[in-house]
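The values are calculated or read from the model by the stated rules, or taken from the named source; none is laboratory data. The structure presented is a predicted model; accordingly, all values stated were derived computationally and were not measured. Every residue, glycine as well, gets a Cβ built from its backbone with ideal geometry; the counts of neighbours run over all protein chains shown.
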């Protein structure tokens, strides 16, 4: 909170002091929406139909509006960073193959010791955790697309996923860890640019990108979406864990709900299945979990205060979140006769 002194011209009708002290405050919005049930589908289709009518009416104008909208650029950012990650995965595989040639004593199947491998039994159903994680991510995005936050949450997911791709590409390249499952690489390291796209699309894979679990990071981002937004725009108002409010009026979560417990539990089960199938180590899942959790928390706390200071980063964030309904507004409040301590206590 900042204090500012403004000089107002004298008013002959209502005389006021020449110097009026104002406080720059953040006005927190009431961004919780009621449960809509099956009407959430109706609301979503109505908005999409309205957008379609606007496009038919003025296609050029709506196209230009979409091309400068943050949603479009968040999707572009994620794709570019995903390609960056794919390129670095191919370069990592190339480094690994070169290292194996210079270390003939190394076996073809190198597995780093992991305490989970000594405790958990071995499964051979690698498709199970991959399928469950994909279902979880798709279900999460569809569920929140059926809320008034639909485009806000999607673009935040695209942006955070892009940051994860960017950081992961650097991590797997700098420190190489072999795949404990023994699955062979399917990339052609002689065509890096093409293979980067194929890795991005999931067509090809490498065998030494275990420093940072992208699967764990993506699932944690989705679990955080459930934790942060499920009470703000519920589909069904169902909570058997308590009758106390699950969040403040401006959307800050106050306690767990049955849905949040279920989503975090499902995420942890998928982590265990990845380890049991020897597709990941504990270390790379832990790194992906911690990084994505802190990234989500950092961003969602930063956007609450981006309007109080003018700089390049905040200007970008204010543009990126320009139509978000949960961003506080900056207002000037006259504080004549009220001290700052009194205002803060109220």
Pairs under 9 Å by beta carbon, first residue on the phi > 0 side of the Ramachandran plot and in a helix (DSSP H, G or I) in segment 144-160, partner modelled with pLDDT of 95 or more and buried (at least 20 other Cβ atoms within 10 Å of the Cβ), six or more apart or different chains?
none
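Has segment 212-220 got at least one residue that is in contact with a helix residue (DSSP H, G or I) (Cβ under 8 Å, 6 or more places away or on another chain) and more than 22 Å from residue 270 (Cα to Cα)?
Applying the first criterion (in contact with a helix residue (DSSP H, G or I) (Cβ under 8 Å, 6 or more places away or on another chain)) to segment 212-220 yields 212-220.
The next check asks that each one be more than 22 Å from residue 270 (Cα to Cα); those that pass are none.
Looking for residues that are in contact with a helix residue (DSSP H, G or I) (Cβ under 8 Å, 6 or more places away or on another chain) and more than 22 Å from residue 270 (Cα to Cα), one finds none in segment 212-220, hence no.
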Confirm whether residue 63 is in contact (Cβ under 8 Å) with a residue 12 or more places away in the chain, in contact with a helix residue (DSSP H, G or I) (Cβ under 8 Å, 6 or more places away or on another chain) and not in a loop (DSSP other than H, G, I, E, B).
no
Could you say whether any residue in segment 187-200 is modelled with pLDDT of 90 or more, at negative phi and within 20 Å of the chain's Cα centre (by Cα)?
yes
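Evaluate the following for residue 270: is it over 16 Å from the mean Cα position of the chain (by Cα) and either over 25 Å from residue 30 (Cα atoms) or in contact (Cβ under 8 Å) with a residue 40 or more places away in the chain (or both)? Quick ask: steps written out before the conclusion?
On the way: over 16 Å from the mean Cα position of the chain (by Cα): yes; either over 25 Å from residue 30 (Cα atoms) or in contact (Cβ under 8 Å) with a residue 40 or more places away in the chain (or both): yes.
When the stated conditions are applied, residue 270 passes them.
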Looking only at segment 248-255, decide whether some residue is within 19 Å of residue 33 (Cα to Cα) and outside any loop (DSSP other than H, G, I, E, B).
yes
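For segment 262-346, please list each of the helices (runs of 4 or more DSSP H) lying entirely inside it that holds at least 1 residues being touching a strand residue (DSSP E or B) at 6+ places or on another chain (Cβ under 8 Å) and at pLDDT 90 or above. Break it down stepwise before answering.
Values: elements: 282-302, 312-320, 340-345.
By residue number, 282-302.
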Could you list all residues from segment 77-106 that are within 16 Å of residue 210 (Cβ to Cβ) and without any contact (Cβ under 8 Å) to a residue 12 or more places away in the chain?
100, 106
Looking at 198, 194, which one is without any contact (Cβ under 8 Å) to a residue 24 or more places away in the chain and not in a loop (DSSP other than H, G, I, E, B)?
194
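Among 121, 104, which is the only one that is modelled with pLDDT under 90, part of a loop (DSSP other than H, G, I, E, B) and surrounded by fewer than 17 Cβ atoms within 10 Å (Cβ to Cβ)? Break it down into steps so the answer makes sense when it comes.
Values: 121 fails: modelled with pLDDT under 90.
Only one candidate passes the filter, namely 104.
Might you check whether a residue that is touching a strand residue (DSSP E or B) at 6+ places or on another chain (Cβ under 9 Å) and farther than 19 Å from residue 204 by Cβ occurs anywhere in segment 97-109? Working first, answer last.
Filtering segment 97-109 down to residues touching a strand residue (DSSP E or B) at 6+ places or on another chain (Cβ under 9 Å) leaves none.
Looking for residues that are touching a strand residue (DSSP E or B) at 6+ places or on another chain (Cβ under 9 Å) and farther than 19 Å from residue 204 by Cβ, one finds none in segment 97-109, hence no.
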When residue 134 is evaluated against the numbered criteria (1) surrounded by 13 or more Cβ atoms within 10 Å (Cβ to Cβ); (2) under 30 Å from the mean Cα position of the chain (by Cα); (3) under 26 Å from residue 283 (Cβ atoms); (4) touching a residue at least 40 places away in the same chain (Cβ under 8 Å), which criterion, by number, is the only one it fails?
(4)
Positions within segment 301-328 being in contact (Cβ under 8 Å) with a residue 12 or more places away in the chain, under 14 Å from the mean Cα position of the chain (by Cα) and surrounded by fewer than 16 Cβ atoms within 10 Å (Cβ to Cβ), in sequence order:
302
When you check residue 172 against the structure, is it surrounded by 19 or more Cβ atoms within 10 Å (Cβ to Cβ), touching a strand residue (DSSP E or B) at 6+ places or on another chain (Cβ under 9 Å) and part of a helix (DSSP H, G or I), yes or no?
yes
